[in-house]
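*Asks:* One structure coming up, written as structure tokens, with questions to follow.
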Amino acid sequence: MAPHKPGSDPYRSAKTYAPPAHASSLSMNAAKRPKMEQLQADHELFLQAFEKPTQIYRFLRTRNLMAPIFLHRTLTYMSHRNSRASGKRKDFCMDNLLLQVERMKTEQEAHNLASHLQLTFTGFFHKVDKTQNCENEESSVLLEVLLIKVCHKKRKDVSCPIKQVPTAKKQVPLNPRGKTGAGPTITVPSQEFEPSNSHMVKSYSLLFRVTCSAGREISTRDNNVADEIPGRKKRYTSHRDDGETTFVAQMTVFDKNRRLQLLDGEYEVSMQEMEECPVGKKRATWETIVDGKWVPPFDTFSHGPNLQFTLRWTGEESDITTPPLTRPLATRNTHTSGSDNLKTSAPKPSQTVAVKDPVTSDAHLRREQLHVEPRQKLRVYYQFLYNNNTRQQTEARDDLHCPWCTLNCRKLYSLLKHLKLSHSRFIFNYVPHPKGARIDVSVNECYDGSYVGNPHDLHCQPGFAFSRNGPVKRTCVTHTLVCRPRRTNPSLSEFLECDEVPLEQRRPLVSGHNRLYFHSDSCMPLRPHEMEVDSEDEKDPEWLREKTVMQIDEFTDVNEGEKEVMKLWNLHVMKHGFIADNQMTQSCMQFVENYGNVVVEKDLCRNFLLHLVSMHDFGLVSTLTIDRAMARLRQLKPAQENGIKSAERT
């Protein structure tokens, strides 16, 4: 820019200066950049505020699925989840418990465990593709059933001795397409389960051994698969007679406590090849199936090989099924035998045994049909708020599942009540919507996240406070005024946003006495049942009383009468805690009332008088107290003499 002349106005020149276009855009971008950075920072704070509570509730959801600490059906706002009727509770009487126990004992004595075990086999199912070369092959396999008796181990034995009792061998149909009438039946006689020499046998088991032709199976495999068979397995297969393949499975009939494990019903057993996996007992474990979780024991039933049979306990003369003593755990594959669709889709509870009880299944289906309620068609979506601004909004869904713990609440009121009580780290406000409901979610800034459990658990074994496996007794609440108003009817209006802060948010809910006290001498935590007893009270425990008596007996400068009076007096003072001088008058009169008969009986009146005179010399009692005490003893003396004379006359 050229220098201007003196006296001329540089701002009134004909040509004006205009900044370039790219300079203005840079200034606008510079102004927008802080605003975008601020928005991103606010968004990060929003995510951090909702991230921690969400992670906590996700963890609690997984823990409650594995080890629930309470049942949702017991909650008042989840009463629709409770399928049990309370009609029997109205007619319940305490005397009925005794009648039930007596009836159970009578049935247990009348029940005969030595009944015949009858097994009717439906078939052996193994999914092997047939070829043209094997169409004419036999459609049955050889089944052998053995009774395994596990005996008690002796002192010198390394393992428990096992006895195998062959029962029978039958030809079982292979992959039957339908029910072809009565199948082969095997009966285990009752003599095998008799308690003769029962102290030797610990448990009874059934071993199923199915033998089928290996050529049938290997011919259907691809050549590549056959080439991959290990050499050891090939040598083992070639040494067997006729190239047979053996499948085995084992089931426990009576456990070591003589409890019956196999009840009447239809069973399906998963078989395993002998050389791949030898027979071994397995423990029954719980498996939780959520979100399509793949469970290997269930997958084995869809591929096979499986053995299906019907088990019945029959008597010698009649064919009536005996009632079982104990019932096993309820299974989830409760379905009718005639529905094929349910049979293929229903999961099986265990890899070894799958029980199908027709009686239980019918009752289960009737109960499900009775309690299934029409699901509410509501469009529910959640709106997350941060700093009173909407930050995120979910898609509308027509289900009433909790987003944090995936609990099916079935009702909108139950969902809102569950969110408010179980997820108190957030604040939920219900907003009516023409097509459903909107729930505003915000972080509860007033949430108290301190430990509110039993404080004694923190001083117990390590980790007990945060790793319980079940419900425990809550610590009692002491000196707490509880206001329990009349329960109101369920209404969605209690979840609406209001101007005033509700009462339950202004005060913390009392969940138990969370104070912890310690013994002053041992610094150990004071347990709840010790709250009423002061550990610093100068009481008279038994050991202290014995020690006091022994110390007085060791005195040598007093006579026996004085020793007896001192024993009674010291124990009396220790028991009632008389420590002040002004308490001695009361102590003397109370001593005469409690131990006056003993003093008169042992002729210790003069010794007690000397004790009172000694206390008077020290200024502890007055002469009036001495006169009153001795007058009371003189009143007790003739009464005791009259009692002795009347006893001698009789």
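*Asks:* Quick check on region 475-488. Is at least one of its residues over 21 Å from the mean Cα position of the chain (by Cα), modelled with pLDDT of 65 or more and surrounded by 11 or more Cβ atoms within 10 Å (Cβ to Cβ)?
*Replies:* Scanning region 475-488, I find no residue that is over 21 Å from the mean Cα position of the chain (by Cα), modelled with pLDDT of 65 or more and surrounded by 11 or more Cβ atoms within 10 Å (Cβ to Cβ), so the answer is no.
*Asks:* If you check Val452 against the conditions, is it modelled with pLDDT under 70, among the hydrophobic types (A, V, I, L, M, F, W, C) and closer than 29 Å to Leu385 by Cβ? Spell out the reasoning first.
*Replies:* On the way: modelled with pLDDT under 70: yes; among the hydrophobic types (A, V, I, L, M, F, W, C): yes; closer than 29 Å to Leu385 by Cβ: yes.
Yes; evaluated as a whole, the condition is true for this residue.
*Asks:* Of all residues in region 154-180 being aliphatic (A, V, I, L, M) and either within 16 Å of Thr310 (Cα to Cα) or modelled with pLDDT of 80 or more (or both), which is nearest to the chain's Cα centre (by Cα)? Write out each step before concluding.
*Replies:* The first filter runs over region 154-180 and keeps only residues aliphatic (A, V, I, L, M), leaving 158, 162, 165, 168, 172, 174.
Imposing the further condition that a residue be either within 16 Å of Thr310 (Cα to Cα) or modelled with pLDDT of 80 or more (or both) reduces the set to 162, 165, 168, 172, 174.
Working: Ile162: 36, Val165: 41, Ala168: 44, Val172: 44, Leu174: 44 Å.
The residue in question is Ile162.
*Asks:* Taking the residues in region 398-420 that are more than 22 Å from Glu51 (Cβ to Cβ) and without any contact (Cβ under 8 Å) to a residue 40 or more places away in the chain as candidates, determine which candidate is surrounded by the most Cβ atoms within 10 Å (Cβ to Cβ). It would help to see each step written out before you state the result.
*Replies:* First, pick out the residues of region 398-420 that are more than 22 Å from Glu51 (Cβ to Cβ): 398-400, 408-417.
Now narrow it down to the ones that are without any contact (Cβ under 8 Å) to a residue 40 or more places away in the chain: 398-400, 408, 415.
On the way: Asp398: 12, Asp399: 14, Leu400: 21, Asn408: 13, Leu415: 27.
For region 398-420, the residue satisfying everything is Leu415.
*Asks:* Picking from Val279, Val253, which residue would you name as being at pLDDT below 85, surrounded by 13 or more Cβ atoms within 10 Å (Cβ to Cβ) and outside any helix (DSSP H, G or I)?
*Replies:* On the way: Val253 fails: at pLDDT below 85.
Result: Val279 is the single residue among Val279, Val253 that is at pLDDT below 85, surrounded by 13 or more Cβ atoms within 10 Å (Cβ to Cβ) and outside any helix (DSSP H, G or I).
The values are calculated or read from the model by the stated rules, or taken from the named source; none is laboratory data. Fair warning: this is a prediction, and the values are worked out from it, not measured in the lab. No Cβ is skipped: glycine too gets one built from the backbone with ideal geometry, and neighbour counts run over all protein chains shown.
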